[in-house]
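Beneath this line is the structure, given in structure tokens, with notes to follow.
The values are calculated or read from the model by the stated rules, or taken from the named source; none is laboratory data. A quick note: this is a predicted structure, and the numbers were derived from the prediction, not measured. As a convention, Cβ positions derive from the backbone with ideal geometry for all residues, glycine included, and neighbour counts pool all protein chains shown. In case anyone asks, the SASA skips ligands and DNA or RNA and just uses the protein heavy atoms, side chains included. Shrake-Rupley method; radii C 1.70, N 1.55, O 1.52, S 1.80 Å.
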Amino acid sequence: MYNIIIIGAGVVGAQVARRLARYKLDILVLEKENDVGDGASSANSAIVHSGYDPEPGTLKAKLNVLGNKMYDEICADLDVEMERIGSLTLSNSEEDDKTLQDLLERAKINGVEARLVSKEELKEMEPNITSKARGALFAPSAGIINPFELVVALMENAMDNGVKLHLSEEVKSIEKKDNSYLVKTNKGEYETDYVINCAGLYSDKVSEMVNPKFFTIIPKRGEYYVLDHFDNNYVKHTLFNVPSAKGKGVLVSPTTHYNYLVGPSSEVVDERDDVSTDAETLANVKEKAYDLVDNLRMDKQIRQFAGMRAVSDINHGDFIIEETSHHFINCAGIQSPGLASSPAIALMVDEMIKDKELKEDYNPKRRPLYRLNKLSFADRQKLIKENPLFGHIVCRCEKVSEAEVIDAIRRNCGARTIKGVKKRVRPGFGKCQGGFCEPLILNILAKELNKDKTEITYGKDGSYILIGRTKGE
Ligand SMILES: Cc1cc2nc3c(=O)[nH]c(=O)nc-3n(C[C@H](O)[C@H](O)[C@H](O)COP(=O)(O)OP(=O)(O)OC[C@H]3O[C@@H](n4cnc5c(N)ncnc54)[C@H](O)[C@@H]3O)c2cc1C
């Protein structure tokens, strides 16, 4: 019997798991994919939004502003990369000027620091800004975060504090008993006092396992280009178009590794899991990005990807966070700014759980990563002396050593696939997109997991890379 079962290990499920790990509770997280954070939580703009944009009075506004403030401590405790680079929302027309005035008012009501900057100041802040720009709204508390590392770190720390994680285990149905729930999966059945639904795109389906239907998730896809890291000063802030009824518009933003993201689009689609990209949509994204920077460096693009927003069809798409049946808590319809809001969502869930007692030995800190490429030459030499595998670079683009890959596999919530290693320590994120490092990572995974090389997958279950020998024995 568990006290709590959390369904879904995206950023929301992982934040809730870590938040509740401080109490004397038996907690199980069930995730249908073979790794944590494989849904929207790893295919987004990676912005810790400041919170000037959501409509005042909504859950989105309240939780975004609070969540943003909570990130410094979380990232320090968990050794997660985040930088408060600030955001600039650009005006390119008289109409945009009016929208910026409205947004400034909104920022005041939401309690977010923001100010208007002139065309001249903007040019000084961002030398590559479009010549169309008339000014901007500057929100200094906006940040960029490594979203892959965040989910892994949250879950690793939750597990260090006793939370159990079952991967490749999909919740199929939930039976309400007298004083508990029986959660049935493709692998077994578990009794629990509380169920917390953090199932993202499928949060409506999971809710309907217990509650009458009261909302539907509308999948809204966002497509991006990724540019290589080529110049840390190309764009220094997150640059936004003015938001419209369709969403926040397109952005150009550095990532924590000084790649640049260009996107996303915003289109309602039929299939919840269809994260394909298409040339026409991406061409539109590129057009809109020219409203942000003049010399868009499309010659530096190394990848395209898409993420799927889980938009609810009620309350104008606000988050649904409530105990909809006795001890059944929905965290549903968590579209943008869900990443920024997730620490505050977890806090809200914490306040809904009754009769809990703090653990004496709860440890909020995660053992830091090695991050060889950020160390001085002397510090690298020291590590290599201790363990020569730090001197064996397996990913030349991102400068990742074999020892770091092994560490990413051996930790709690460790990598089990090539994509899992990529998300944790970055081999495959560079210019060659895994062309050179993938076979090396496959070998390390096979050795560490004591598996045959043909059993190693790229990502999803069944995505095998090798099928057999073509030469030799
Ligand atoms: C294009 C795009 C851009 C965005 N940009 C930003 C941004 O810059 N800043 C920001 O704050 N927010 C942003 N967001 C929003 C943010 O990414 C999401 O709000 C957040 O990731 C949602 O997290 P989640 O845990 O609810 O969902 P997910 O990450 O999708 O996790 C849900 C998990 O539940 C699992 N699951 C589903 N059904 C079951 C089941 N039956 N049994 C077991 N497991 C199940 C899934 O496999 C999945 O892993 C963006 C989103 C998109 C798509």
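Structure summary
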item: Criterion: of a type in the set (Asp, Glu) and in the same structural domain as Asn92 (by TED's automatic domain parsing) - qualifying residue of Glu208, Glu287; result: Glu287
item: Complete set of residues in the range 344-355 that are assigned to a helix (DSSP H, G or I) and in contact (Cβ under 8 Å) with a residue 60 or more places away in the chain; result: Ala344, Ile345, Ala346, Leu347, Met348, Val349, Asp350
item: Residue within the range 390-403 that is open to solvent by 20 Å² or more (accessible area, probe 1.4 Å), closer than 29 Å to Glu31 by Cβ and either modelled with pLDDT of 95 or more or part of a helix (DSSP H, G or I) (or both) present; result: yes
item: Of all residues in the range 290-322 being assigned to a helix (DSSP H, G or I) and under 30 Å from Glu175 (Cα atoms), the one that is nearest to the ligand (Cβ to nearest atom); result: Gly317
item: Out of Glu351, Glu357, sole residue that is of a type in the set (D, E, K, R) and out of contact with any strand residue (DSSP E or B) (no Cβ under 9 Å at 6 or more places or on another chain); result: Glu351
item: Qualifying residue in the range 358-370 (condition: part of a loop (DSSP other than H, G, I, E, B), of a type in the set (Ser, Thr, Tyr), more than 16 Å from the ligand (Cβ to nearest atom) and touching a helix residue (DSSP H, G or I) at 6+ places or on another chain (Cβ under 8 Å)); result: yes
item: The range 323-343, subset away from the ligand (no atom under 15 Å from the Cβ) and assigned to a strand (DSSP E or B), residue nearest to Val11 (Cα to Cα); result: Glu323
item: Residue that is most open to solvent (accessible area, probe 1.4 Å), among those in the range 447-459 that are over 24 Å from Cys397 (Cα atoms) and assigned to a loop (DSSP other than H, G, I, E, B); result: Asn450
item: Filter pass, Asp318 being open to solvent by 30 Å² or more (accessible area, probe 1.4 Å) and not basic (Lys, Arg); result: no
item: Residue in the range 142-152 that is in a loop (DSSP other than H, G, I, E, B) and either at pLDDT 95 or above or more than 21 Å from the chain's Cα centre (by Cα) (or both) present; result: yes
item: Lone unmet requirement of (1) open to solvent by 30 Å² or more (accessible area, probe 1.4 Å); (2) among the aliphatic types (A, V, I, L, M); (3) touching a helix residue (DSSP H, G or I) at 6+ places or on another chain (Cβ under 8 Å) for Ala378; result: (3)
item: For Ser266: the one exception among (1) among the hydroxyl-bearing types (Ser, Thr, Tyr); (2) more than 12 Å from the ligand (Cβ to nearest atom); (3) under 27 Å from Ser50 (Cβ atoms); result: (2)
item: Helices (runs of 4 or more DSSP H) contained entirely in the range 1-119, each with at least 3 residues that are away from the ligand (no atom under 13 Å from the Cβ) and either of a type in the set (A, V, I, L, M, F, W, C) or surrounded by fewer than 22 Cβ atoms within 10 Å (Cβ to Cβ) (or both); result: 59-78, 94-110
item: Count of residues meeting criterion [open to solvent by 10 Å² or more (accessible area, probe 1.4 Å) and in contact (Cβ under 8 Å) with a residue 40 or more places away in the chain] in the range 322-343; result: 7
item: Of residues in the range 412-446 being farther than 23 Å from Ala43 by Cβ and part of a loop (DSSP other than H, G, I, E, B), the one least open to solvent (accessible area, probe 1.4 Å); result: Asn412
